[in-house]
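Worksheet: one structure, shown below.
The values are calculated or read from the model by the stated rules, or taken from the named source; none is laboratory data. Here the structure is a predicted model, which is why all the values come from computation and not from measurement. Please note that ligands, DNA and RNA were not included when accessible areas were found on the heavy atoms of the full protein model with its side chains. Shrake-Rupley method; radii C 1.70, N 1.55, O 1.52, S 1.80 Å.
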Amino acid sequence: VIWAACNLVDFVQLAQYRSHTDDMLAALQHALGDFHHLKDVFIDLGCHDHFNILKLHSLIHYTDTIQVLGALDELNMKISECLHIDYAKKAYSATS
C-alpha cells in the first residue's frame, strides 16, 4: 500500500515541475507504471472496488502532453468539472 501511494505521490510531485527533462519524464512514467502495477492492493484490501476513474486514467497522457505543450502547471480540470455540473443540472431540470 505504501509503495503504491508513494509512487502516485512521486508522480504528482514530478508532474508539477515548471520544466521537465527527458530523465524527469522517464521518472514520471516509471512512477506511474509502478503505481499501476501495485494499485490492485487497494482492491485486495477492500479500500476500493475498481480504478475506472477518469482523472486516474488521464495521468497516462501526462508525459505526451508535457512533451507537446510543456509544463502542465497552468492546466487543471476545473473547466470540464464546471461543464459537467452545468450539463448535469440541465439534464436534471429537464427530467423534473
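What percent do you get for the relative contact order of the stretch 1-52 when only Cα pairs under 8 Å and 6+ apart count? Each step should come with its number before you reach the end.
Values: 32 pairs, mean separation 24.3, N = 52.
Result for the stretch 1-52 is 47 percent.
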For Tyr17, the accessible surface traced by a 1.4 Å probe with all protein chains present amounts, in square angstrom to the nearest 10, to 110 Å²
Would you work out if the stretch 21-69 is rounded, prolate or oblate? Take a ≥ b ≥ c from the square roots of the eigenvalues of the alpha-carbon gyration tensor; rounded if a/c is under 1.5, else prolate when a/b is larger than b/c, oblate otherwise. oblate
To the nearest 10 square angstrom, what accessible area does His48 show with a 1.4 Å probe? 70 Å²
When the solvent-accessible surface of protein heavy atoms is calculated with a 1.4 angstrom probe, in what order do Ile53, Ile2, Ile66 fall, highest first? Ile2, Ile53, Ile66
